[in-house]
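Undergrad: Once you've had a glance at the structure underneath, I'll fire off some questions.
Here, each number is a calculation from the coordinates, and none is a lab measurement. Note that the structure is a prediction, hence the values are computed from the model and not measured. With ideal geometry, Cβ positions are generated from the backbone for all residues, glycine too; neighbour counts draw on all protein chains shown.
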Number of protein chains: 2
Amino acid sequence: MTYLLNSASDFSHEALLGFAAANSAYVTAVHGGVVRSTETPEGQPALVIGGGSGHYPAFAGWVGPGMGHGAPCGNIFSSPSASQVYSVARNAENGGGVIMGFGNYAGDVLHFGAAAEKLRAEGVDVRIIRVSDDIASNTRENHRDRRGIAGDLPVFKIAGAAIEAGADLDEAERIAWKANDATRSFGVAFDGCTLPGADEPLFHVPEGTMGVGLGIHGEPGIRDIPMGTASEVADLLFEGIIEEAPQERSGRVAVLLNGLGRVKYEELFVVYHRVAERLSEVGLTAVAPEVGEFVTSLDMAGLSLTLVFLDEELEQHWSAAVDTPAYRRGELRDLSAHADRAPRTEFYTPGAEQVPEASAESQAGAGSVQEIIELFAEVCATHEAELGRLDAVAGDGDHGQGMVLGTRGAVEAGNKALTRGAGARTLLVHAGTAWAEAAGGTSGALWGSALTAAGRALSDSASPDEAAGVEALLNAVEAVQRLGGAQPGDKTMVDAAAPFAQELQKQFQAGGGLAAALTSAAEAATEAAASTAQLKARLGRSRVLGEKSLGTPDPGATSFALLMTALAQRLESVAR
Amino acid sequence: MTYLLNSASDFSHEALLGFAAANSAYVTAVHGGVVRSTETPEGQPALVIGGGSGHYPAFAGWVGPGMGHGAPCGNIFSSPSASQVYSVARNAENGGGVIMGFGNYAGDVLHFGAAAEKLRAEGVDVRIIRVSDDIASNTRENHRDRRGIAGDLPVFKIAGAAIEAGADLDEAERIAWKANDATRSFGVAFDGCTLPGADEPLFHVPEGTMGVGLGIHGEPGIRDIPMGTASEVADLLFEGIIEEAPQERSGRVAVLLNGLGRVKYEELFVVYHRVAERLSEVGLTAVAPEVGEFVTSLDMAGLSLTLVFLDEELEQHWSAAVDTPAYRRGELRDLSAHADRAPRTEFYTPGAEQVPEASAESQAGAGSVQEIIELFAEVCATHEAELGRLDAVAGDGDHGQGMVLGTRGAVEAGNKALTRGAGARTLLVHAGTAWAEAAGGTSGALWGSALTAAGRALSDSASPDEAAGVEALLNAVEAVQRLGGAQPGDKTMVDAAAPFAQELQKQFQAGGGLAAALTSAAEAATEAAASTAQLKARLGRSRVLGEKSLGTPDPGATSFALLMTALAQRLESVAR
């Protein structure tokens, strides 16, 4: 139940503003989330941690010295958009590159990934850490493919401390993955949570039972078992995790007993009483254990236990001082000492991006690129209804609209970039960002990233030739494949895009020229799409867990083939 | 709903042990609660804060440098017993006296007061701070008679910081009261909380309404009004408090937006967004505002807003560093620096009290005192049934049993003290503690304190003479009156005890000797009791709010008169 709201649609945003107002000593709200309100050392890697809202204190509550540099905040239980992630990362980055940290969910993988593409196109080194601590969500062998739940806290705490202690980007990335590989969580749910404005919880656990292996977005658990006493629940969670204890271990563990929202603090302590006994029985010492609410799921009734099997390095960073709105640890010293933390006064706002200087050749090339974007926008507008019908088979039928909105946004941004003297590379990066922003959803994020990635094949100095054009298209396909986490055969757009890229490269290398190669490639895409179309009664599964958070389903291979065919025809007619 | 428990009766205790296990760097469990696990500077006043359980992080979560020295923890929503408070205070005290801080509820006033009596009898200076921030519970003119709710946090934070900064007992007491006088809270409830093991909440707020002026023990509020939006709720709370803003103010306020348990963090931030706007409108600056769960009420759905109108002194202490399990603020410095906080190894355990050396005269006197206690125990045993019947008119009929258990405990403790060579003073203090412990409830606390207070009139060196005996009886009556918070006419035991004391003093001063004076005094008590007996159809109201937490009701004047008459007769027959 949500008692306090003004409007369901403004809920997350108002909560973010209220959070920033209450914690102005730590954070400032920027487009898409929050960053530290104080200056950070130049050259220090920026730890950008985030995900959907509804998990407070995760993630915004952890921004401050010793932990996060910024937190993009999506809507309730939805990944922040690529544009939100980009804005926060852009604001947090201070010359040392970016570590993006988030729980391993398809939506987050996609949107953080798209933002990373864009930053990389701008020359920023970005590393990605997917937290995957939930032992209920995959096998021990596939630890890095598990979902992220309360393990977010220790992984980000340890990474943040390593950075505070002077780690560079490589080192921080290494330690963060090491922390994730040493972290195991297991949870149970007793009742579901209710989205703001909704009347009913997302699920109910049957009376007298509990859902084992809870998720933090209203996923009820992987199986129901009879309700236990507090000690029995403690035993269940402890035994699940201890089975995965590494052979070689220091005997020291970070321990986190995390309430999901509606379980009382006193209940958590009753459970911890038993956990402490079990730890002692197996000879494990709890280092700075934490019992409370850390990664919540609105008002969900449930809890999870997390252990991090520490070595000396991990323990040092787990125990280090940290000072954030909702997570603080360290020695006493008066706040007045904070005065030497200089307040930060300049922040990035979207739309105010600099346009780097470009050569006349690249500016001319940018004009050609813009023509192709406009052509593609026309193709999408012409085929809007058909794309909608394709999508309606498996999705919600808004793919046509999304493509029209996205290409229209890209065209506008491209024109604006042209008038500001942008080169070909910058034009594509701006157009890609605008596409994702205007179209929204998964499809928007993928296409936007494709344009951004294409831009990386070009430059703001040289004139883009046909070879660069092919390179750009290959980059775009590769970005879609990487970000979507899909392989050929997964029944997504990649089923058509991969043969498209293969054929394009082959024909161009054979010397047929760009337009001819594109036509052949579009034919290959159409053939591949047709051969898998019959199998597409249902949307193909992505390889990444938590698929439902992907948002708009991708209408896939058929629409890709259709659009490439139309585009090739238009380009050929223009070329003639 | 309580999801996690082993047994309802062990719930609070297991929670306390789990809490202590998870926070062993800060606290150690002792009889009755927790104290700091690290040494405190000798001569530093000890801040002992507490109340019932079910309010975590209040109060145990606030024990550590810069805040509490110890926290007695009662059962859910019940005051800790005098013996619990005493044990924690005894453990916390380190030569600088004790400040006891608690919310202004009758049960807490009584039991903390009784513990204070005992400590004072042992020569420890004790001051009492009753937090009374809830504007809904009494008028502005009677601020110090209001209930304590979330204002506990800023008052104890400020008092703890003052002590950390070097304040002595007088100074700490002054600042604590000043903080309380500057603190105002106002809350609303949306749904009640459920006690561990119970099936139903303590109350429901009618659908579509909210209860204004919530309490933190399941009190539903003073009136129901239609449910509002988040901003309307913020306005309601803000306007209620701002009406009481002092004329002269610095323009700076401590702000606390406190969730009672089931309201989500995100909801609190949506409300705070509006609060920040209102503060800005009236030109108030929030200093280190706090939004979260601080004084909870199990899983109650509700929230309260607290403002502390700061001057320079209060702001300094509000902003100062603090390091406790659940409330931390300060500058970064690694935990390894904690190593210089020496772990504490010696703690007080009840039953292991030292018996101070006593003169042979006082030891002999202790024997006489013990005879009187035994006589009184006989009187109680004889009249057990009658006392029960008296009590049954207004209470639950267990007064006779309570008096028998109490006096039996006192006799045992007295005998033990005698064998260990106790003087008269120490014997009475031990007997009083044992009485309260054995009898339990309000009546036990009052009678136990009466004995302890009586002890203060005697010494462990001089032989107790008749004048000292009179003094002891007067002290006892005065303690009952002070602790119970009742005046003659309030229809409690005091209606008989006050004339008893008056007549006793008068007759003894007239030279009639102790036994004769006691007989006259008992007659006066009987007469006074008879004249008020007709009015006693219902239990008299205590002057302190929250009467229902008083526990066992006092059967009052009649039983006091009966017992004193019987005692006087026995003493006369012994004397003859």
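Undergrad: Given labels modelled 7 Å from the Cα in the Cβ direction, how far is it in nm from B:GLU374 to A:ARG140?
TA: According to this spin-label approximation, the distance is 7.0 nm.
Undergrad: Rg/Rh for chain B: what does it come to with C-alpha atoms and Rh from Kirkwood?
TA: 1.00
Undergrad: Another question, then. What 222 nm value per residue comes from the helices of the protein assembly as shown, counting each DSSP H run with n ≥ 4 as -39,500 (n - 2.57) and dividing by all residues, nearest 500 deg cm²/dmol?
TA: Values: 34 runs with 527 residues, N = 1152.
Here the helix-only value at 222 nm equals -15000 deg cm²/dmol.
Undergrad: Counting partner chain Cβ atoms within 10 Å of every residue's Cβ in A:236-248, what's the average? Intermediate results must be reported in sequence, preceding the final value.
TA: On the way: counts 0, 0, 0, 0, 0, 0, 0, 0, 0, 0, 0, 0, 0.
The shielding value for this peptide is 0.
Undergrad: Using the Karplus curve 6.51 cos²θ - 1.76 cosθ + 1.60 with θ = phi - 60°, what ³J(HN,Hα) values do you get for each residue of region A:238-252, in whole Hz, with x for Gly and Pro?
TA: 4, 5, x, 7, 5, 4, 9, 4, x, 4, 8, 8, 7, x, 10
Undergrad: A further question on this structure: R0 = 25 Å: FRET efficiency of B:GLU312 with A:SER24, Cβ-based, nearest 0.05?
TA: On the way: r = 21 Å, r/R0 = 0.85.
Efficiency at R0 = 25 Å is approximately 0.75.
Undergrad: List every residue whose amide H lies under 5 Å from the amide H of A:GLU290, counting only residues 5 or more places away in sequence or on a different chain, with H placed 1.01 Å from N in the peptide plane.
TA: Under 5 Å from the amide H of A:GLU290 lie the amide H atoms of A:VAL255, A:LEU256, A:LEU257, each far enough along the sequence or on another chain.
Undergrad: Pulled fully out, how much extra length does the chain show between B:GLU466 and B:THR345, if you take 0.36 nm times their separation in residues and subtract their Cα-Cα distance? Numbers along the way, then the final one.
TA: Details: separation 121, 0.36 × 121 = 43.56 nm, distance 4.43 nm.
Additional length available on full extension: 39.1 nm.
Undergrad: As I understand it, the value is the acute angle between the Cα axis of helix A:360-382 and the longest principal axis of the Cα atoms of chain A; what does it come to in degrees, rounded to 10?
TA: 80 degrees
Undergrad: Same structure, new question: What number, in percent, do you get for the relative contact order of chain B if the mean sequence gap of Cα pairs under 8 Å and at least 6 apart is divided by its residue count? Write out the running numbers ahead of the final one.
TA: Details: 1315 pairs, mean separation 76.3, N = 576.
Contact order relative to length: 13 percent.
Undergrad: Follow-up question, since we're still on this one. Ignore the peptide's own chain and count Cβ atoms of other chains within 10 Å of each Cβ in B:9-18; give me the average, rounded.
TA: Rounded to a whole number, the mean comes out at 6.
Undergrad: Right, something else. If you plug each phi of region A:301-317 into the Karplus form 6.51 cos²θ - 1.76 cosθ + 1.60 with θ = phi - 60°, what whole-Hz ³J(HN,Hα) values come out, in order, with x for Gly and Pro?
TA: Here the 3J(HN,Hα) series is 9, x, 7, 9, 10, 10, 10, 10, 7, 8, 10, 4, 5, 5, 5, 4, 6 Hz.
Undergrad: Taking the square root of 5 times each eigenvalue of the Cα gyration tensor, what semi-axes in Å does the equivalent ellipsoid of the protein assembly as shown have, largest first? Working shown, then result.
TA: On the way: eigenvalues 998, 136, 135 Å².
After scaling each eigenvalue by five and taking roots: 71, 26, 26 Å.
Undergrad: Continuing with the same structure: How large is ³J(HN,Hα) for each residue in region B:198-215, as worked out from phi by the Karplus curve 6.51 cos²θ - 1.76 cosθ + 1.60 (θ = phi - 60°), to whole Hz, x for Gly and Pro?
TA: For region B:198-215, the Karplus curve yields 7, 8, 10, x, 5, 7, 10, 8, x, 3, x, 10, 9, x, 8, x, 5, x Hz.
Undergrad: Here is a further query. Two decimals, Cα atoms only, Kirkwood Rh: what is Rg/Rh over region B:100-229?
TA: Ratio value, two decimals: 1.06.
Undergrad: A further question follows. To test your reading of the geometry: what angle, between 0 and 90 degrees and rounded to tens, separates the Cα axis of helix A:441-456 from the longest principal axis of chain A?
TA: Around 60 degrees separate the two axes.
Undergrad: Distances from B:SER573 to the same position in the other copies: list them in nm, one decimal, shortest first, using label points 7 Å from Cα along Cα→Cβ.
TA: 12.4
Undergrad: Got the B:SER359 label distances to the other copies yet, label 7 Å along Cα→Cβ, in nm, shortest first?
TA: The projected label point of B:SER359 is separated from its counterparts by 10.9 nm.
Undergrad: Take every Cα-Cα distance within region B:11-324, group them into 20 Å bins from 0 onward, and report for each bin the whole-number percent of pairs it holds.
TA: It works out to 36, 58, 6, in whole percents.
Undergrad: Considering the zone a paramagnetic label at A:ILE222 would reach in this model (a point 7 Å from Cα along the Cα-to-Cβ line), which residues of region A:147-186 have amide N under 11 Å from it?
TA: A:147, A:186
Undergrad: One decimal, nm, shortest first: give the distances between the label point of A:SER461 and those of the same position in the other copies, each label point 7 Å from Cα along Cα→Cβ.
TA: Label-point separations across copies, in nm and ascending: 9.6.
Undergrad: In addition: Please give the charge dipole size of the protein assembly as shown, origin at the Cα centre, charges +1 on K and R Cβ atoms and -1 on D and E Cβ atoms. Round to the nearest 20 debye. Intermediate results must be reported in sequence, preceding the final value.
TA: Numbers: 84 positive and 148 negative charges, 52 e Å.
Dipole about the Cα centre, nearest 20: 260 debye.
Undergrad: Based on alpha-carbon atoms only, what is the radius of gyration of region B:1-129 relative to the globular estimate 2.2 N^0.38 Å? Write out the running numbers ahead of the final one.
TA: On the way: Rg = 13.8 Å, N = 129, 2.2 N^0.38 = 13.9 Å.
Here the answer is 0.99, to two decimals.
Undergrad: Oh, and also: Run through every distinct alpha carbon pair of region A:411-485 and return the Kirkwood hydrodynamic radius in angstroms, one decimal place. Write down the numbers at each step before the final one.
TA: Working: mean 1/r = 0.0820 Å⁻¹.
After inverting the mean inverse Cα-Cα distance, the result is 12.2 Å.
Undergrad: If r is the Cβ-Cβ distance from A:THR419 to A:LYS506 and R0 is 30 Å, what FRET efficiency results, to the nearest 0.05? It would help to have the intermediate numbers written out before the result.
TA: Working: r = 38 Å, r/R0 = 1.28.
It comes out at approximately 0.20.
Undergrad: Show the residues, 5+ positions off or on another chain, whose built amide H is closer than 5 Å to the amide H of A:MET210.
TA: It is A:ILE225, A:MET227, by chain and number.
Undergrad: Using only atoms on other chains, find how many Cβ atoms lie within 10 Å of each Cβ of peptide B:186-194 and report the average.
TA: Numbers: counts 0, 0, 2, 1, 3, 2, 0, 1, 1.
Per-residue shielding by partner chains comes out at 1.
Undergrad: Something else: What's the angle, to the nearest 10 degrees (0 to 90), between helix B:106-121's Cα axis and the longest principal axis of chain B?
TA: Between the helix axis and the principal axis of chain B, the angle is about 60 degrees.
Undergrad: On to the next question. Taking the simple approach of a point 7 Å from Cα along Cα-to-Cβ for both A:GLU39 and B:GLU572, what is their distance in nm?
TA: 9.0 nm
Undergrad: Ok, one more. Amide H of B:ILE129 versus every other amide H placed in the peptide plane: which residues, excluding those fewer than 5 positions away on the same chain, fall under 5 Å?
TA: B:MET100, B:GLY101, B:PHE102
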